[in-house]
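Asker: Provided herewith is a single structure, encoded as structure tokens, for subsequent inquiry.
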Amino acid sequence: LVESDTSAASFEVLRFDEAATPGNVTVIGLGFVTRMAEYMVAADVLVSKAGPGTIAEAASLSLPVMLTSFLPGQEEGNVDYVIDGKFGAFCSDTDPLGIAEEVSAWMLDDEKLATLSKAAKSNGNPNAAAEIVQAIGDRALKWKKINRGELDSEISSQTR
């Protein structure tokens, strides 16, 4: 499956080429989708730009990641995170053949795919969103107490 932030019309060439290419891989261009989580659960590998939310979700799902681009200064560290975490690689989107070769190598090597998947799982945190919300809530309540002067009286009573 191929998801993109563009329309499915851009995949017409892909479908044409796919029909003429022998092999065991079927590529279905989807264009933009809103149910990405469902597709990630069904996927063997994620090929994506280095968006932090996408990488975190993939790791939580034990999904190996092939990164193809990043926003300079904003997402560069995410590439290092995936590579250092040993659950993926980077190959520029200017080299589609290189991407295809690397991902194909993973798909043809069950042991490599299992190793990448295990590393992704060890780097993932399926509860991250809930933990972030909890931390934000805790801090918001703390500031609310500070602004009301309630925190000073709590600290005074704890030190007695």
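Asker: Within the group Lys112, Lys121, Lys86, which residue is surrounded by 13 or more Cβ atoms within 10 Å (Cβ to Cβ), of a type in the set (D, E, K, R) and on the phi > 0 side of the Ramachandran plot?
Answerer: The conditions single out Lys86.
Asker: Starting from the stretch 53-82, keep only residues that are closer than 12 Å to Asn123 by Cβ, then list their pairs with residues that are surrounded by fewer than 18 Cβ atoms within 10 Å (Cβ to Cβ) and of a type in the set (D, E, K, R) whose Cβ atoms are within a distance under 6 Å, requiring at least 6 positions of separation or different chains.
Answerer: Short answer, once both residue conditions are applied: Ser62/Lys121.
Asker: Additional query: Restricting attention to the stretch 83-104, which residues are more than 16 Å from Ala43 (Cα to Cα) and free of Cβ contacts under 8 Å to residues at least 12 places away in the same chain?
Answerer: Ile83, Asp84, Thr94, Asp95, Pro96, Leu97, Gly98, Glu101
Asker: I need a count of the residues in the stretch 61-83 that are open to solvent by less than 50 Å² (accessible area, probe 1.4 Å) and in contact with a Lys or Arg (Cβ under 8 Å, 6 or more places away or on another chain).
Answerer: Of the residues in that region, 5 qualify.
Asker: Please specify each residue of the stretch 101-160 satisfying the condition of being in a helix (DSSP H, G or I) and at pLDDT below 85.
Answerer: Ala128, Ala129, Glu150, Leu151, Asp152, Ser153, Glu154, Ile155, Ser156, Ser157, Gln158
Table: residues versus (1) of a type in the set (S, T, N, Q); (2) under 18 Å from Lys112 (Cβ atoms); (3) out of contact with any Gly (no Cβ under 7 Å at 6 or more places or on another chain); (4) in a strand (DSSP E or B).
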{"residue": "Asp44", "(1), (2), (3), (4)": "no, yes, yes, no"}
{"residue": "Val47", "(1), (2), (3), (4)": "no, yes, yes, yes"}
{"residue": "Thr54", "(1), (2), (3), (4)": "yes, no, yes, no"}
{"residue": "Ala58", "(1), (2), (3), (4)": "no, yes, yes, no"}
{"residue": "Leu71", "(1), (2), (3), (4)": "no, no, yes, no"}
{"residue": "Asp80", "(1), (2), (3), (4)": "no, no, yes, no"}
{"residue": "Ile83", "(1), (2), (3), (4)": "no, yes, yes, no"}
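Asker: Would you mind finding the one in Ala20, Ala9, Ala37 that is small (Gly, Ala, Ser), open to solvent by less than 60 Å² (accessible area, probe 1.4 Å) and at pLDDT below 95?
Answerer: Exactly one of Ala20, Ala9, Ala37 is small (Gly, Ala, Ser), open to solvent by less than 60 Å² (accessible area, probe 1.4 Å) and at pLDDT below 95, namely Ala37.
Asker: Taking only pairs six or more apart or across chains, which ones have beta-carbon atoms under 7 Å, a first residue in the stretch 122-143 that is closer than 30 Å to Lys86 by Cα, and a second residue that is hydrophobic (A, V, I, L, M, F, W, C)?
Answerer: Listed pairs, sorted by first residue: Asn123/Ala59; Asn123/Phe87; Gly124/Ala59; Ala128/Ala56.
The values are calculated or read from the model by the stated rules, or taken from the named source; none is laboratory data. Because the structure is predicted, anything quoted here is derived from the model rather than measured. Cβ coordinates were reconstructed from backbone atoms using ideal geometry, including for glycine residues, and neighbour counts include every protein chain displayed. With ligands, DNA and RNA removed, areas are computed over all heavy atoms of the protein, side chains included. Shrake-Rupley method; radii C 1.70, N 1.55, O 1.52, S 1.80 Å.
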